[in-house]
Amino acid sequence: MTQPKSRHRSRLYSAYVDVPKPRFDESVRFYSALLGKAATIDPDEPEYASYGEAETGINLYVQGIGDDQPRVHLDIETDDVDAEVARLAALGATEVARIKTWVVMKDPVGNAFCVIRVQSPDAFAAHSTTWDSEAQAR
């Protein structure tokens, strides 16, 4: 008897502008002016400034980081972190670290991104792609 194919869903959830901590406030001011909206900073996580949905279904954050290499990284939200990590590894990504409930990965040329649990159920339901065990879009 053939095993049923496993399925999971994923989608681009957010983009993070990673900036050196000393330049965090400057970056927050810039992106607030660029977007025409104020950032929200949670006192429990002051290294993150959230702008909510910069575009429909895609969130934008500025994140203060501990090194001097500004960059942008993406978060992919999924209903099965392990299955999505396996799918992306099959496409050439490499796993870097597991932190709390998410996985840091690098694409084939070294750009970092994270695979996270579902953060926005409504947008996820509306915009996610379903994948089977052979990583084919459905």
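The values are calculated or read from the model by the stated rules, or taken from the named source; none is laboratory data. Everything numeric here is computed off the predicted structure, so don't read it as measured data. Positions of Cβ are generated from backbone atoms using ideal geometry, with glycine treated the same way; all protein chains shown enter the neighbour counts.
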Can you say whether Y31 is of a type in the set (F, W, Y), surrounded by 12 or more Cβ atoms within 10 Å (Cβ to Cβ) and in a strand (DSSP E or B), as far as the supplied structure shows? no
Name the residues in the stretch 21-57 that are modelled with pLDDT under 90 and under 18 Å from the mean Cα position of the chain (by Cα), would you? E53, A54, E55, T56, G57
Which one is nearest to F24 (Cα to Cα) among residues in the stretch 66-85 that are aliphatic (A, V, I, L, M) and surrounded by fewer than 17 Cβ atoms within 10 Å (Cβ to Cβ)? V72
Restricting attention to the stretch 87-116, and to residues there that are under 16 Å from Q69 (Cβ atoms) and at pLDDT 95 or above, which single residue is surrounded by the most Cβ atoms within 10 Å (Cβ to Cβ)? V104
Within the stretch 28-51, does at least one residue satisfy the condition of being among the hydrophobic types (A, V, I, L, M, F, W, C) and in contact with a Leu (Cβ under 6 Å, 6 or more places away or on another chain)? no
